[in-house]
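See structure below.
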Amino acid sequence: MATDIAEHQQMSDEEVLAQIPTFLAAGHETTSTGTTWALYALSETPQVQKKLRDELSTILTDNPTMDELNSLPYLDAVVREVLRLYPPVPFSQRLTVKEDVIPLSAAVTDRNGKVHEYLEVPKGQFIFLPILSVNRDKKIWGEDSLKFRPERWESPPEGASAIPGVWGNMLTFIGGPRACIGYRFSLVEMKALLFTLVRAFEFELGVPAEEIGVSSWIVQRPFLRSNPEAGGQLPLKVKPVRRM
């Protein structure tokens with residue numbers, strides 16, 4: 001489509017049209033879902049919400065630049081912790097195109113007593129990537145791995161450095177040549193949304209936390225256990241912040 005690219009390198013109209021579902025699903029719903037989980041986590045931890053709001057209030061404009069957003073360390077920590085604990089896409093998979101061998105970080109003994117230090121993978125095998133499980137693994141993140149604690153990013157655990165993610169020592173955006181190509185835009189978009197929302201409003205859960213369930217179908221969304229037929233939703237009480 002760009003005029004400065006050689007014609008043989010341009011995408012055809014059919015190829016562009018084929019990418020539209022990806023733009024809509026991967027480029028929109030994941031970020032909105034991540035922001036929803038951020039508001040859930042902040043509603044559950046009012047002290048974190050206040051600390052974040054105090055930092056956001058140091059920016060004296062309602063329209064911060066990307067550099068200003070990226071200069072806020074606690075906002076960055078909150079976004080990292082949200083995406084670790086509540087990755088919008090909780091798992092992914094890959095299909096092998098040839099036989100391969102996957103080394104294991106620790107030997108595994110099967111039910112027949114045989115010890116395996118690697119896995120032989122045949123061609124055509126689906127490989128399940130447990131994004132959520134790795135992001136919450138207590139062996140990596142400690143005994144409080146299920147707790148929303150942005151302060152952990154002041155000194156991330158050593159084990160996290162071995163996670164081959166493209167960003168943040170987590171698997172949320174996957175890694176390698178097939179990592180999420182829009183992760184930088186998604187991060188800035190999420191920070192901008194939280195900047196605007198948390199700076200202007202206070203958030204509380206509109207229902208008991210026990211009422212919130214998780215529905216996972218490609219993207220994991222909150223829903224009401226008492227009304228699952230209504231689909232994804234997160235009832236919140238929203239109150240405007242009084243600025244001095």
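The values are calculated or read from the model by the stated rules, or taken from the named source; none is laboratory data. Quantities reported herein were computed from a predicted structural model and do not represent experimental measurements. Every residue, glycine among them, receives a Cβ derived from its backbone with ideal geometry; neighbour counts consider all protein chains shown.
Tabulated data for the structure shown
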item: Some residue of segment 92-106 being touching a residue at least 60 places away in the same chain (Cβ under 8 Å) and surrounded by 12 or more Cβ atoms within 10 Å (Cβ to Cβ); result: yes
item: Breaking point among (1) in contact with a Lys or Arg (Cβ under 8 Å, 6 or more places away or on another chain); (2) at pLDDT 95 or above, for Leu129; result: (2)
item: Selection from segment 1-21 of residues that are at pLDDT 80 or above and among the small types (Gly, Ala, Ser); result: Ala6, Ser12
item: Segment 65-78 - residue that is assigned to a loop (DSSP other than H, G, I, E, B) and polar (S, T, N, Q) and, of those, surrounded by the fewest Cβ atoms within 10 Å (Cβ to Cβ); result: Thr65
item: Filter pass, Trp167 being surrounded by 12 or more Cβ atoms within 10 Å (Cβ to Cβ), at pLDDT below 95, aromatic (Phe, Trp, Tyr) and under 18 Å from Pro73 (Cβ atoms); result: yes
item: Any hit, segment 176-198, residues being touching a residue at least 60 places away in the same chain (Cβ under 8 Å), of a type in the set (Gly, Ala, Ser), in the same structural domain as Leu52 (by TED's automatic domain parsing) and farther than 23 Å from Ala41 by Cα; result: yes
item: Flag for Ala38 being surrounded by 12 or more Cβ atoms within 10 Å (Cβ to Cβ) and assigned by TED's automatic domain parsing to the domain that holds Leu194; result: yes
item: Residue list for segment 156-191, restricted to those being closer than 15 Å to Val82 by Cα and out of contact with any helix residue (DSSP H, G or I) (no Cβ under 6 Å at 6 or more places or on another chain); result: Pro156, Tyr183, Leu187
item: 1 or more residues among the small types (Gly, Ala, Ser) and within 26 Å of Lys51 (Cα to Cα): qualifying strands (runs of 3 or more DSSP E) within segment 79-152; result: none
item: Enumeration of residues in segment 83-139 that are touching a Pro at 6+ places or on another chain (Cβ under 7 Å), within 30 Å of Gly213 (Cβ to Cβ) and not polar (S, T, N, Q); result: Phe91, Ile131, Leu132
item: Search result, residues across segment 184-197 that are surrounded by 16 or more Cβ atoms within 10 Å (Cβ to Cβ) and either more than 19 Å from the chain's Cα centre (by Cα) or charged (D, E, K, R) (or both); result: Glu189, Lys191
